[in-house]
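Working notes, structure below.
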Amino acid sequence: MEQKRKHTMSEIRYVKLVAIGSVNPNQPLSDQSREEQLALLNRCLNDYPKGIIIGKDIAVGCYRIGEHELTMEKVTYHVGFARKPPWENGNEW
């Protein structure tokens, strides 16, 4: 039975930041934009070369609009790769 090899931090040579969500109430995120953000994260984690999440930042914004309180969240994932993916430059295989 083969074991999957785990990446170590010393092998990470390229980090891509992938943001999911928005904290700007003046520019609300559409469902299509959110799907595009999720598709990019999935591509980073599933396509070749596979990336791994090495960290994340969470930003939360609380806003009061009239009598309503609005809370928005943006999560930025730090996806590490052993090398820069070719699709990052627009070069598809």
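The values are calculated or read from the model by the stated rules, or taken from the named source; none is laboratory data. What you see is a predicted model; the values in this text were computed from it and never measured. In case anyone asks, the SASA skips ligands and DNA or RNA and just uses the protein heavy atoms, side chains included. Shrake-Rupley method; radii C 1.70, N 1.55, O 1.52, S 1.80 Å.
Tabulated results
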item: Using θ = phi - 60° and Karplus 6.51 cos²θ - 1.76 cosθ + 1.60, couplings along the range 57-65 (whole Hz; Gly, Pro as x); result: 10, 10, 10, 10, x, 10, 10, 10, 10
item: Extension gain from Leu45 to Ala82, taking 0.36 nm per residue of separation minus the Cα-Cα distance; result: 12.1 nm
item: Value of [θ]222 nm, deg cm²/dmol, for the chain, DSSP H segments ≥ 4, -39500 (n - 2.57) each, nearest 500; result: -5500 deg cm²/dmol
item: Listed candidates (i) 33, 15, 11; (ii) 45, 18, 9; (iii) 23, 13, 12 - label of the one calculated as semi-axes √(5λ) of the Cα gyration tensor in Å; result: (i)
item: Nonlocal amide H pairs with Ile20, under 5 Å, H built at 1.01 Å; result: Val75, Thr76, Tyr77
item: Potential lengthening between Ile52 and Asp31 on full extension [0.36 nm per residue; Cα-Cα distance subtracted]; result: 5.0 nm
item: Accessible surface, the chain, averaged per residue in Å² (probe 1.4 Å); result: 77 Å²
item: Accessible surface of the range 30-80 [probe 1.4 Å, protein heavy atoms]: carbon and sulfur percent; result: 49 percent
item: Choice from Gly66, Gly80, Gly51 showing the highest fluctuation, given a GNM over the chain with Cα pairs closer than 10 Å; result: Gly66
item: For Gly51, residues with placed amide H under 5 Å, excluding near neighbours; result: Leu45, Asn46
